[in-house]
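S.K.: Mind looking over this structure? Questions follow.
We did not get these values from a lab; they are worked out from the coordinates using the rules stated. All of these numbers come straight from a predicted model, not from anything done at the bench. Glycine gets a Cβ as well: all are built from the backbone with ideal geometry, and neighbour counts include every protein chain shown.
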Amino acid sequence: MKIVEFLRSDAVIASLSGQAAPAVLAELVRPLAASQKVDGQRLVETLLDREKLGSTGIGEGVAIPHGKVPGLPGLMASFGRSAGGVDFRAIDGKPTHLFFALFAPENSAGTHLKALARISRIFKNPAFREAIMKAPDAAEIYRLIEAEDAKY
């Protein structure tokens, strides 16, 4: 499974403007709601419900908010970067800069977990995270994700 199978280039946001978790999650959902014809409010609620269970901020400036949504045809994702960082209650207590939102169909536990593991794996690389932070635009961010994804 490759990340580019469920992350489209038009779902990459180079500059998130939200200052708090709910605003960031709403921004991450917008391109998916528009391109995938899904209810954006339902996606935001899915992510907020998941965050209530515990932060998806995995540390080192990365968060992978995720959830399952009935009726989705397959995995879908968006990516956003916050230059200033957001308090996302990450496990290391540091601000979160890189957000990878993932949505999966309701009955897709194995696929959902494989996707989460793959995202987590590529974002463990400090040089990759730094390159994403320095990328000039969304197109370059997508290219970097695509290139890093191809290594595994």
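S.K.: Mind ordering 41-48, 73-80 by average Cβ neighbours within 10 Å, highest first?
M.R.: Values: 41-48: 18.4, 73-80: 20.6.
Ranked from most to least packed, the peptides come out as 73-80, 41-48.
S.K.: In terms of Cα to Cα distance under 21 Å, which lysines are near enough to K37, apart from those fewer than 8 places away along the same chain?
M.R.: K37 reaches K68.
S.K.: Let me ask something additional. With Rg/Rh (Cα atoms, Kirkwood Rh) in mind, check (1) 0.92; (2) 1.00; (3) 0.95 and report the label derived from this structure.
M.R.: Evaluating Rg/Rh (Cα atoms, Kirkwood Rh) on these atoms matches (1).
S.K.: Can you return the aspartates and glutamates within cross-link range of K2? Criterion is Cα-Cα under 19 Å, with same-chain partners fewer than 8 residues away left out.
M.R.: Straight-line reach from K2, under 19 Å: D10, E140, E146, E148, D149.
S.K.: Could you pull out which residues in segment 50-78 have an amide N less than 17 Å from a spot 7 Å beyond the Cα of K114, following the Cα-Cβ vector?
M.R.: 73-77
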